């Protein structure tokens, strides 16, 4: 058979008999599961498309034998590795081969989520009711009363009862085919071979997730001869793990395949909204009236006041004018509501320290914000606050100018409270003339590119904010 | 009897029989019996075949678990002693795949983007040719993942939200193992969970890029910025002898640039790369200029792709024999040495005549840069040494300064994790009398601010902080 290597070079460098013999004990079920899987790969003609994921457990060395693409996974993670392989190359045929410790204990989250996702991979689950590789400890599928090296008196209720994976997986929406088979006689072996082939074929046809549980013998750790082990599986195991088809979806639709990844630079640019169009500039020189190189601003309010958007628009305006600018939001554990404040810096060449513990300019949308940050404004700085909601102005540093503008009232007169922050920007404009008016308006229009209908309202809000400051000062 | 003769009878080389006896019961004609003699080559007792009654039904063959156990007799021209000749010719027509090189496609000159740090890293990954994202949501890295979820489908890429970080890193193992560029965005607790997988990836020599937007710890800690995982990324990438290049951006621009670089490094060395950001940097919006190219990745010859050319490849971190594993570690050590020699990166600011050298990375690096300017205005010749690779620590650039500077001040949002890396690098470089090392450290989501750094440095220098 071509699917097995002609010499098992990875088995102790293929030296001696190991070049053609498996590492499995006499009577172990893995050899048969391997054989039927290899035959299925050969019969379906998919050797050159197959990637087999080896688990941790006795079948960890699956890659010794199968002449296909091989990858070896961490304990329990084979389905996740299989997803990685399958999503990388959706045309590959990916097999996750796992034992009971791997799949039903440490890897439960991976197998259940992968099965529910329904991604077309084929899982061969070999259940022999015991941990083989580590030396005969309790498996999640160990039978009640069964003695193992970690249940020397036999499994009792303290360890729970054996988990029936085929039934569990069949209860999920994703799988198209789930069957439990055994190896203990010729009839069962024919069924096992058929089930494994079917699980693979469903993937070749891109139908979906298929799962075959194989009840297998572990004579070594059962302490039986191979023939008694077969009998034990037949009599004891099948009583707990009934054989048969657990799920078989009739005519499943094709599974949606990811397309071929695209690398076209023009499309890429479109996707991240890059533009080759330069933003117009209106500013002749850096607004050094505030600081020679670096101006610090703070916008503070409650969540929903629009402080972040206003802050971003000012940063954007600075960048459009060719300066460096940064914006940092504060973020509390609450996604919405609570306090919301933003630090903005606009620098002639480079923002060095992006936080604004001592801002030159503060925009405050509510009383707590003004009370908290008002006193941090540097001497000679400017504060614009919402006089609709703030009555008391705290003690401020020398020469700080505080201008109250009824932002909420103006926004509600305009019929849209959300433009409160643009009213604030208009007020900020009139109070500071940080940039030419057109600079800020351009940034606002850029931001509303996809909502053009909102532009006139925002322009009006901006104008009303500016007007309010001029009235205040006149 | 002529029809029966057409079906081949079984053949068994006794040295490949373990004597399990599954074939015995399968034979209706009772041709097979339990053996009585120990095979000298194996020490096992193979079954005994007496094929007088055999009708060639083949049931014993399908009952035999050994690939080279019971076989259909292949005809006359076989040599009994040579399994290779015995089991027929193999498909040797396979030609091993050659590596398909990456291409750089020109990107038109795009105006700078104004985006936050996590977005810049996401866009960097797309420019670097990454079309596969596997992750699990965790604050404060999630926004970058959300952007990937939005953009990747438009590029026929794959965005997959895994059941856990543990699953996510193993999906990256699969995708990276297939030779493609995979990434994830996570934050400290999630990064902890990924370490197991990173160790496997390093062992199996698989590339991938991990962006860890670090937050306050230990445990759940909080979601504010801390440089809490420098130790983990530099010294603790899972179990075993592991290292990976650890990049430390300090601006949204570097989030993009270093992400692109990270994929380069990951594939150059076939090793994961870790980018450590901080929560502040992830959220920070700034100017981001794009490069003039995008990468169209090829496919390496070592990939487990699932085709004929790559068929005999294996991704695996198992080396069962001690000498094989020692050789593998020697090979990994050679890679680590090559990374140490070639990948050190640092940004120097006003260091030429500096007496007092600030050492800081990520956002504290930015704060420290502001502090340098302030300190110079106050007459202190300060400079900034900002490592951009934390492993390997850029000691080659630092070492010559050690003789000149009077004082080193390590500024960090962690309990000396950066300082430990620096001290270790200084020690390994054979410098046993370095300058005085002071530290400015904050925790819990509080970053050392520019003013605080200036005041502390003035204090170390024995000067009054008051302006």
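Derivation of every value follows stated rules applied to the coordinates shown; laboratory data play no part. This one's a predicted model, so the numbers in the text were calculated from it and none came from an experiment. Glycine gets a Cβ as well: all are built from the backbone with ideal geometry, and neighbour counts include every protein chain shown.
Quick rundown of the values:
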| quantity | calculated |
| --- | --- |
| Semi-axis lengths (Å, descending) of the ellipsoid that matches the C-alpha gyration tensor of region B:414-461 | 24, 15, 6 |
| Mean-position separation - Cα centroids, region A:408-474 and region B:310-330, in angstrom | 66 Å |
| Average beta-carbon neighbours from other chains, 10 Å sphere, peptide B:300-313 | 6 |
| Peptide ranges A:207-213, A:115-121 listed from the most packed, as the mean C-beta count within 10 angstrom indicates | A:207-213, A:115-121 |
| Relative contact order of chain A, pairs being alpha-carbon contacts under 8 Å that are 6 or more residues apart, as % | 9 percent |
| All-pairs Cα distance distribution in chain A, expressed in whole percent, bin size 10 Å | 4, 17, 19, 10, 7, 11, 15, 12, 5, 1, 0 |
| Computed [θ] at 222 nm, helices only, for chain A once each DSSP H run of length n ≥ 4 contributes -39500 (n - 2.57) | -9500 deg cm²/dmol |
| Of every Cα-Cα pair in region B:289-341, the percent that sits beyond 13 Å | 74 percent |
| Relative exposure of A:356, B:62, A:450, A:288, judged by other C-beta atoms within 10 Å (fewest first) | A:450, A:288, B:62, A:356 |
| Angle in degrees between helix A:108-117 and the longest Cα principal axis of chain A, rounded to the nearest 10 | 80 degrees |
| Equivalent ellipsoid, region A:29-70 (semi-axes from 5 times Cα gyration tensor eigenvalues, Å) | 17, 13, 6 |
| Cα Rg, Dmax, region B:257-308, angstrom units | 15.2, 48 |
| For chain B: relative contact order, % (alpha-carbon pairs under 8 angstrom, 6 or more apart) | 14 percent |
| Span from the region B:173-217 Cα centroid across to the region B:235-305 one, whole angstrom | 11 Å |
| Of every Cα-Cα pair in region B:103-342, the percent that sits beyond 28 Å | 27 percent |
| Mean projected area (nm²) of the alpha-carbon convex hull when region B:133-239 is viewed from all directions | 6.4 nm² |
| Convex hull of region B:346-460 built on C-alpha atoms - directionally averaged projected area, nm² | 6.2 nm² |
| Principal axis dimensions, the protein assembly as shown - Cα atoms, whole angstrom, descending | 119, 68, 58 |
| Relative frequency of Cα-Cα separations exceeding 24 Å in region A:1-135, percent | 26 percent |
| Rh by Kirkwood over Cα pairs, then Stokes-Einstein D for region A:124-214 at 0.692 mPa s and 37 °C, µm²/s | 225 µm²/s |
| Average partner coverage of A:11-19, which counts Cβ from other chains inside 10 Å | 2 |
| Between 0 and 90°, nearest 10: helix A:455-473 axis offset from chain A longest Cα axis | 40 degrees |
| In Å, descending, principal axis extents of the Cα set of region A:294-473 | 41, 39, 38 |
| For A:75, B:432, A:327, order by how many other beta-carbon atoms lie within 10 Å, fewest first | B:432, A:75, A:327 |
| Distance-filtered residues of region A:211-242 - backbone nitrogen under 20 Å, label point 7 angstrom along residue A:144 Cα→Cβ | A:232-242 |
| Percentage relative contact order, region B:346-460, counting C-alpha pairs under 8 Å, at least six apart | 30 percent |
| Mean-position separation - Cα centroids, region B:361-433 and region A:1-66, in angstrom | 54 Å |
| Residue order, fewest to most beta carbons within 10 Å, for B:351, A:238 | A:238, B:351 |
| Tilt relative to chain A, helix A:78-88 - C-alpha long axis, 0 to 90 degrees, to 10 | 60 degrees |
| Alpha-carbon radius of gyration plus Dmax, which is the widest Cα pair, for region B:111-175 in Å | 11.8, 39 |
| Bins of 10 Å from zero: percent of alpha-carbon pairs in chain B | 4, 17, 22, 18, 12, 9, 8, 5, 3, 1, 0, 0 |
| Cα shape, region B:12-75, gyration tensor, a/c 1.5 rule | prolate |
| Neighbouring partner chain Cβ atoms per residue of B:155-164, average, 10 Å criterion | 6 |
| With 10 Å bins from 0: P(r) over region A:12-248, alpha-carbon pairs, percent | 8, 35, 39, 16, 2 |
